[in-house]
Amino acid sequence: MSTDPAPALPVRRIRFEYPDDLDPAWNRRLPEFAFGANSVSLLMPYAEPYFIRSIRAALPQLDPRLRPQVESFLRQESGHYRQHRRFNDLVASRYRGIARLERWIGWSYGWLGRTRSVRFNVAFAAASETIAFALARWSEAHLDEFFDDGDSIATTLFLWHLAEEVEHKNVAYDVFEAIDGSRVRYSLAMLTTFTLLAWFATIGTLLMVLGSGRALKPVTYVRLLRWSVSLAFAVLPVMAASALPAHHPRDFADPVFLPTWLKQYDPATGTMPLWRAPSAVRRGLTSGP
């Protein structure tokens, strides 16, 4: 084993300025996708603080060589949920029932943190990060469809978060492996986090569909069903592979574009370039302006 400390992750201190009139249906061509993404965003101010507390509780048990990377991972997670909190406030102000749903989400993750062991909570964080990585990989495979026509601020928020999920995909798992490593506990945590994510995301999406007046449009359900099946084929194999005894997240192939895009972060201004480039320019198929 190397005696060198694990390298710290970059901490990008980004603050998004959301206009008061930002439309939560930020992809006007595919508003149902925006609703689904927003519903996942609703979990972030509750799930990610729970992950942070869980990993912090394990810090005394870790090899000091892991601490620089783990502590920078926690700072990345802290930045994520703070930016999603401000975005979610806009969503909750537009749709009835979202504030109540957030209370249920907060209670659920709070209950887990209060009643489960440190080892289970760390396994939950590690399993959740694996699912987040799979979501990032699936999202990159559909960049043109989901993001090219989206609002530039909302799109940049989600893609920045997904890109950092790829960047730190190993960290929570390394903590779990260092303090426990039980495949049974990890599998149970994986099932629990996936169930919570699917349940709350479904409710949140339906509340926004109802609030937007799209509940009677058949195309809404055709799109949601198609994306759900596509996502299942992307996420479930990753979940299954991650539960195998020899698994480590580094064995998963990273998407190409998102990690490269992160390099455009400007530390002097604390900004990422807003997402505006059409797909042909992004992929180098045509010359940009």
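The values are calculated or read from the model by the stated rules, or taken from the named source; none is laboratory data. Remember, predicted model here, so these are calculated numbers, not experimental data. Heads up, the Cβs are rebuilt from the backbone with ideal geometry, glycines too, and the neighbour counts pull from every protein chain shown. Quick note on the areas: whole protein, heavy atoms, side chains included, nothing else; ligands and nucleic acids left out. Shrake-Rupley method; radii C 1.70, N 1.55, O 1.52, S 1.80 Å.
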(request) In whole Å, largest first, what are the principal axis extents of the Cα atoms in region 57-154? (result) 45, 32, 20
(message) Counting heavy atoms of the protein chains only and a 1.4 Å probe, report the per residue accessible area for region 157-234 as a whole number of Å².
(response) 45
(message) What distance in nm separates the two pseudo spin-label positions at Asp251 and Ser230, each 7 Å out from Cα along the beta-carbon direction?
(response) 2.8
(request) Determine which residues of region 40-54 fall in the zone a paramagnetic label at Asp89 would reach in this model, i.e. backbone nitrogen under 15 Å from the point 7 Å along Cα→Cβ. (result) 45
(message) Taking amide H atoms as placed 1.01 Å from N in the peptide plane, list the residues 5 or more away in sequence, or in a different chain, whose amide H sits under 5 Å from that of Thr271.
(response) Asp266
(request) In vacuum, with every alpha carbon of region 148-274 counted as one equal point scatterer, what does the Debye formula give for log10 I(q)/I(0) at q = 0.11 Å⁻¹? Two decimals, please. (result) -0.57
(request) Set Lys and Arg Cβ to +1 and Asp and Glu Cβ to -1, take the dipole of the chain about its Cα centre, and tell me which of Trp275, His80, Ile98 lies farthest positive. (result) Ile98
(message) If I model a spin label at Leu22 and Ala99 as a point 7 Å from the Cα along the Cα→Cβ vector, what separation in nanometres do I get?
(response) 2.0
(request) Pull up all non-local amide H partners of Asn27: gap of 5 or more, or a different chain, and H-to-H distance under 5 Å with H placed in the peptide plane. (result) Ala34, Asp151
(request) Could you give the spread of the C-alpha atoms of region 1-121 along their three principal axes, from largest to smallest, in whole angstroms? (result) 52, 33, 21
(request) Give the relative contact order (percent, whole number) for region 1-140; include only Cα pairs under 8 Å separated by 6+ residues. (result) 35
